[in-house]
Structures are given as structure tokens and as C-alpha cells.
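The values are calculated or read from the model by the stated rules, or taken from the named source; none is laboratory data. As the structure is a prediction and not an experimental result, all values here were calculated from the model. So basically every Cβ, Gly included, is an ideal-geometry build from the backbone, and we count neighbours across all protein chains shown.
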Amino acid sequence: MFSLPEGHRACLLPHLYKVAVVKKAQPQVHDTVLEGNGKLILQIILLCVIFQFLLKILTAEKPMMNFTFYNPTRIHFGEGQIAKISKEIPKDAKVLMIYGGGSIKSNGIYEQVKEALSHHEWSEFSGIEPNPKYNTAMQAIEIIKEKNIDYLLAVGGGSVIDAVKFIAAAALFKGDDPWDMLAKQTKVEQAIDFGVVLTLPATGSESNSGSVMTRDGNKLFFGSPLVYPTFAILDPSVTLSLSDRQISNGVIDAFVHTVEQYLTYPVNAKIQDRFAEGILQTLVEDGPLALDDDTKDNIEVRANLMWSATMALNGLIGLGVPQDWATHMIGHELTALHGIDHARTLSIVYPAVLKMCKTAKREKLIQYGKRVWNLTNQDEQELINQAIAKTEEYFRTMQVPTRLSDVDLTNSDIDPVLSKLKQHRMVMLGEHQDIDLDKSREILTMAL
Ligand SMILES: [Zn+2]
């Protein structure tokens with residue numbers, strides 16, 4: 001459906017009104033009728049010209065937006081890089097190593113980190129859960145105060161890193177409740193320095209300034225330039241011990257991060273577009289290989305997946321381009337309400353978003369179909385449908401659900417999601433901010 005923005009609608013109204021008046025005031029005399037009809041035709045032609053002109057303005061390609069690029073995280077990529085920790089962390093720092101459920105103790109990562117920290121004074125805090133919780137993070141702050149910790153080291157995936165970002169800022173928070181940084185978007189004034197050893201490539205949190213935390217069923221976001229990690233170690237060999245589920249979740253999260261910054265509307269941002277297409281093609285090629293018994297131990301596959309996930313959300317492909325994020329916002333509510341893995345909420349919601357936004361995303365869907373999936377169909381509508389079908393098929397190849405029914409949710413589970421979106425003011429989603437609660441309902445219904 002084509003609809004004009006408020007301002008343009010107002011411009012057209014006087015012309016429409018004139019036509020209506022002319023129609024009503026048609027004279028009875030034949031010649032005068034002809035004269036009146038001539039005027040009417042002229043006015044209609046004029047109206048068409050104005051309409052076409054406005055349509056041209058509205059559908060014209062908008063230019064890339066201004067941007068400032070800043071990403072201070074130093075990346076050490078490759079096997080054996082964990083040893084670099086010893087040089088990255090100041091010698092006199094009092095370090096708190098923070099990790100999750102303890103898998104790092106069975107896959108050798110803990111020993112490597114311990115070795116690298118052998119000349120530092122350090123303590124540890126474990127138990128950060130997936131979808132990290134406020135209460136757990138606050139326990140780490142007690143240790144920080146008690147031991148005068150002044151440097152944090154996150155060893156884990158996105159959940160551990162996000163929790164450490166929160167802990168780093170919350171430990172120095174001056175107000176009453178550090179949750180205000182998320183609930184009220186209170187500005188972060190200072191944060192403890194921290195580094196990262198990445199064990200699960202997925203969220204890109206190792207080199208960006210955002211964090212998502214959960215408290216009492218509310219999964220909220222905060223961001224600040226003060227919570228960029230100082231450094232991040234990306235050793236692909238540490239990902240060899242991940243389960244298939246962790247791998248597929250990581251690949252899907254990275255894929256959806258990329259399309260949410262790419263599959264919107266064109267602004268002639270060629271570099272960002274082609275970087276995004278390169279990331280998507282890599283994930284399409286190598287994602288399934290990491291699940292295949294014959295290739296899952298291939299370190300080159302793991303290296304490409306790890307770097308793809310970082311590049312997908314380190315800020316680069318999102319510079320100066322419109323961004324969507326509707327799928328993430330709806331997905332966060334599904335995780336908060338039902339505990340579904342983050343990536344699996346995305347694989348359920350995203351195909352439905354594409355189906356509903358076919359018109360709004362038309363040009364980029366065609367570009368995506370041609371460049372990422374090598375589709376050649378001459379019929380544009382058919383090409384768009386194929387591109388969406390390919391996306392869904394790929395998700396299934398990656399062994400993730402693509403329907404709410406795949407995770408045993410039904411029509412009656414939609415209203416609670418909408419209430420949460422309303423509570424969190426997520427009522428203008430998408431690159432056009434036009435996905436309101438009714439459209440979110442349509443998306444979720446399509447995803448049933
Ligand atoms: Zn994500």
C-alpha cells in the first residue's frame with residue numbers, strides 16, 4: 001500500500017478539493033459544460049503531474065547519512081593469542097576474571113587464561129547465565145568493591161561480555177540503581193576498563209559498545225562508548241568444543257545482525273552493502289560446514305565464522321545506513337517470556353518480517369536475492385519470494401526453528417508479547433518506524 005507522509009498529504013488536499021468543487025458546479029448549458037469539462041480535465045492532468053512529481057520525490061533514493069566511526073577495541077585474532085592478555089592488562093591492575101557456567105574449565109581455555117595472568121593479581125567470578133541477569137551481575141560488584149578491583153576480564157560469549165559491560169559501568173554508577181542505565185537510559189559517566197576472551201562467536205559484543213541485560217522478565221539494552229572492550233582475543237580454535245546448538249545460534253545471530261542493517265532501503269552505501277553481502281555469503285557457505293561431521297573440525301571454517309560474527313556488529317556495516325532491528329526487539333520479548341534462545345527467536349520472527357515488509361524492502365530484497373542467493377528470476381515479485389524462501393530454507397539447514405509452532409507457541413501467546421512491546425515502548429519499529437503493535441501482531445501471526 002502506498003501512503004503519503006503527513007506533510008505531502010496536506011499538499012495534495014487543496015487540489016483534490018478543487019476537483020470536487022468543479023464537479024459539483026457543472027453548468028447546464030452545453031458549451032459551458034464543455035468548458036467546465038475542459039477545466040476539469042486540465043485540473044485532473046495537473047493533479048496527475050503533481051502526484052507523479054511527489055511520487056518521484058518520495059521514492060527517490062535517499063543519500064547515505066553522515067557518520068562518525070569510532071571503534072577502539074584492539075583485536076588479537078588467531079590461534080595462541082590468549083597469551084597476549086599478559087601484555088594487554090596493566091601490570092599493577094587488580095583483575096577480576098568473569099565467566100559463565102564453567103565450560104572454560106573443561107576445554108582448556110581457563111588454563112590458558114590462568115597462565116597468561118600468572119604475573120597479575122587476580123580473582124574470579126563465575127555463574128553469568130545466558131541472557132545475563134541483573135541480580136547475578138550485582139553480586140560481582142560486591143567482590144569488586146571488597147577487593148578494590150580495577151580491571152575486568154570477560155571470558156565467554158555475548159552473555160558474559162554483556163554482563164561485564166554492565167558490571168563495569170554499574171560498579172562506578174553514582175545514582176541509586178544502576179538498572180536506570182537500561183530502564184531510564186541514564187547516561188554512563190564512567191566504567192572500569194575491561195578486556196575479552198571470546199569463546200562463542202555470535203553477538204559481536206566483543207568489539208561494540210552495547211549490552212543487553214535481563215531483570216524480572218524485562219530484557220533491555222544500554223550502550224556507551226565507555227563500554228567498548230579495550231581488547232578482544234579471538235582464537236577460533238576455542239570454538240571447536242562448542243555444541244551444534246551453540247554454533248547454529250551464533251551463525252543465525254550474526255546473519256540477522258547483518259540483514260537488520262542491510263535489508264532496509266537503498267542509500268547508495270556501496271561499501272557497507274558489499275561488506276554486508278560478503279558477511280552473509282560467508283555465513284551461508286561456512287555455517288552448514290561447521291555442523292557437518294566431515295568439516296566441523298576445520299579451523300578455517302571456524303575462523304571465518306568467528307570473524308563474520310565480529311564484523312557483523314562492530315559498527316562498520318551500519319555506518320550511515322538505515323537500520324531495522326524490529327526482529328531483535330520482538331525476539332527479546334519472546335526470550336524474556338519463554339526463555340527461547342536469542343538466535344531462535346530471530347529465526348522465527350525474521351522470515352515473517354520479510355513477508356510483511358515486502359513492499360517497504362522491495363529494492364533491497366531484489367539486491368539481496370541477486371547478490372547473496374544468485375537468483376536470476378526476471379519477475380521481481382517472484383525473485384523476492386524466492387529470496388525469502390531461501391532465507392527460511394537456510395535457517396532450517398542451520399537447524400533452528402522458523403515458526404512459533406516449532407517451539408510450541410500458539411495464537412494465545414501473541415497478546416502477552418504485544419503487552420511487553422507496549423510496556424517497553426517498542427511501538428514504532430523498523431527502518432521506517434512504522435511497525436506498530438498491529439503490525440507486530442501481523443508479524444507474529446504470520447510466524448505461527
Ligand atoms: Zn542478536
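Here are the numbers for this structure:
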quantity	calculated
Conditions (1) in a loop (DSSP other than H, G, I, E, B); (2) under 30 Å from Gly217 (Cβ atoms); (3) among the aliphatic types (A, V, I, L, M): number failed by Leu444	(1)
Checking Phe255 against (1) surrounded by fewer than 22 Cβ atoms within 10 Å (Cβ to Cβ); (2) in the same structural domain as Leu365 (by TED's automatic domain parsing); (3) within 16 Å of the ligand (Cβ to nearest atom); (4) among the aromatic types (Phe, Trp, Tyr), the condition it does not meet	(1)
Neighbours by Cβ (under 6 Å, 6+ apart or cross-chain): first from the range 129-155, under 19 Å from Asp216 (Cα atoms); second buried (at least 19 other Cβ atoms within 10 Å of the Cβ) and of a type in the set (D, E, K, R)	Pro132/Asp162
Any hit, the range 239-259, residues being assigned to a helix (DSSP H, G or I) and touching a Lys or Arg at 6+ places or on another chain (Cβ under 6 Å)	yes
Answer from His338, His424, His342, His332 - the residue that is of a type outside the set (D, E, K, R) and surrounded by fewer than 17 Cβ atoms within 10 Å (Cβ to Cβ)	His338
When residues of the range 275-284 are limited to those that are free of Cβ contacts under 8 Å to residues at least 60 places away in the same chain and within 21 Å of Lys62 (Cβ to Cβ), the one nearest to the ligand (Cβ to nearest atom)	Ala276
Of residues in the range 209-241 being of a type in the set (S, T, N, Q) and within 14 Å of Ala154 (Cα to Cα), the one surrounded by the most Cβ atoms within 10 Å (Cβ to Cβ)	Ser211
Count of residues meeting criterion [among the hydroxyl-bearing types (Ser, Thr, Tyr) and within 16 Å of the ligand (Cβ to nearest atom)] in the range 176-209	4
Every residue from the range 108-135 that is surrounded by fewer than 22 Cβ atoms within 10 Å (Cβ to Cβ) and either under 20 Å from Val188 (Cα atoms) or within 16 Å of the ligand (Cβ to nearest atom) (or both)	Pro130, Asn131, Lys133, Tyr134, Asn135
Test: residue in the range 363-385 that is within 16 Å of the ligand (Cβ to nearest atom), in contact with a helix residue (DSSP H, G or I) (Cβ under 7 Å, 6 or more places away or on another chain) and touching a residue at least 24 places away in the same chain (Cβ under 8 Å)	no
Out of Asn298, Asn268, Asn304, sole residue that is out of contact with any helix residue (DSSP H, G or I) (no Cβ under 8 Å at 6 or more places or on another chain) and of a type outside the set (Gly, Ala, Ser)	Asn268
Residue match in the range 179-189 (condition: within 23 Å of Gln261 (Cβ to Cβ) and surrounded by 18 or more Cβ atoms within 10 Å (Cβ to Cβ))	yes
Any chance Ala343 is more than 16 Å from the ligand (Cβ to nearest atom), small (Gly, Ala, Ser) and either under 21 Å from the mean Cα position of the chain (by Cα) or assigned by TED's automatic domain parsing to the domain that holds Ala232 (or both)	no
Number of positions in the range 137-149 that are surrounded by fewer than 18 Cβ atoms within 10 Å (Cβ to Cβ) and either within 28 Å of the chain's Cα centre (by Cα) or closer than 21 Å to Leu200 by Cβ (or both)	1
The range 306-340, subset more than 28 Å from Tyr70 (Cα to Cα) and in contact with a strand residue (DSSP E or B) (Cβ under 7 Å, 6 or more places away or on another chain), residue nearest to the ligand (Cβ to nearest atom)	Thr335
Lys270 vs. criteria within 15 Å of the ligand (Cβ to nearest atom) and of a type in the set (Lys, Arg)	no
